[in-house]
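What follows draws every value from the coordinates through simple rules; no lab data is involved. Given the structure is predicted, the values throughout are model-derived calculations rather than measurements. As a convention, Cβ positions derive from the backbone with ideal geometry for all residues, glycine included, and neighbour counts pool all protein chains shown.
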Amino acid sequence: MHFKQKAIRITAIVHRDLTDLVVSALKRNNIHYFHMEPGRYPVLAKRGWLLFDFYQNHSIIDTPVTIFEVSCEASAENFLLSLFRDAAELNIPGHGSVYSETIEFHSPLPTDYIVTTEEKTKTVGFSGLTGIFCILPRGSAEPIARLILQNGVAVPTISYGTGTGLRDQLGLLRITIPKEKEILKLVVHSSDAEHAMDFIIEVGRLDLPGRGFIFEFPIGRGLLNTKVSLEGPKQAASMDQIISALDQLYGNMEWRKKSNQFRQSARHRNYFEGVNVVINCKEESIESSLANLRKVGVSSSTISLNKLLHSQNEKNAFTPAREAANILIPKKNLSEVLSVLEETGFFGEETEGIVYTIEIPRAFSYQSKLGKRK
């Protein structure tokens, strides 16, 4: 058995106070399955005089958010983007973001897990965007987020995870590598992606062992949060509102790169292509699956917790409390990884496993730095 199905994954990050409104909208529109995970938006407590003020060392205030994920057919992409936009009023800075990406499922799913619709919806959001996903030791995300915010590049999202794999191979050295991880995600203009990755690698010291990994992933369309500061407006319109208005005026985000001091010449990195394998299963089931994968060379992964809910609880084919892991591997190893999961019962009732993959055009880790030296 090898199941394959292309889909669109919609990710919406909304202010926690808006969570109930979004859940109600999902249920009202018969969106049966949706994942939820807590996270935070870091924002500057105060902004300097200039729009992109690199030199001010402002403190960070955390805004709690809920991260929603829903999978759909391509024909339902704009329908779901507009549903999240309207439910959370994402046109207002500070309310959140929503974006889409193409994924491929490799596990059997209930027929109503992937959303379909015959409703015609206007195209929503901007194209020309790239996502960046980074795993860092706990406590490392905030200084990176501060510099990203001060440069007006993006409003990052931070959530928590637990690292596995590499620490188990290092003996006594493992005490120097914290198990607790932070997952930093941001969406940037595609022309800024390599510069943003290079910056995060440098500041996050990802070229050192145990510091984590980073990759970029293609975004279909998105509406992005522009609220980088909590400081109230001193004029008729706040800077966040001006940024949002200019995005709407130009119909894209191209204008931003002309104003961005962040864009500097990126150094040559030994990036590699790969596949991000996301496995999701019942809580307290994932460790054994990862142990099986380590036997075939999957060296490390990061585990996070989430919920998989159904709009009608009694019809949920899954246990709601879930664990998920992101595993970055070379594409040539994918079939072996899927075979191990199948042979060890990952898709059975005991584990309730779900697997999907995302094509990764550019990634970096300490191991890729070592590969450059060989």
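Quick notes on this one:
- Within segment 6-147, DSSP assigns beta bridges of which about 95% are antiparallel (rounded to the nearest 5).
- Label zone (Glu119, point 7 Å along Cα-to-C-beta; backbone nitrogen cut-off 19 Å) within segment 2-38: 8-13, 19-35.
- Mean Cβ neighbour count within 10 Å, used as a protection proxy, ranking 336-343, 192-199, 86-93 highest first: 192-199, 86-93, 336-343
- Cα-based Rg / Dmax (Å) for segment 55-111: 16.0, 53
- A simple spin-label model places the labels of Gln312 and Ala74 3.1 nm from each other, with each point 7 Å out along Cα-to-Cβ.
- Placing pseudo-labels 7 Å out from each Cα toward the beta carbon at Phe3 and Ser191 gives an inter-label distance of 4.3 nm.
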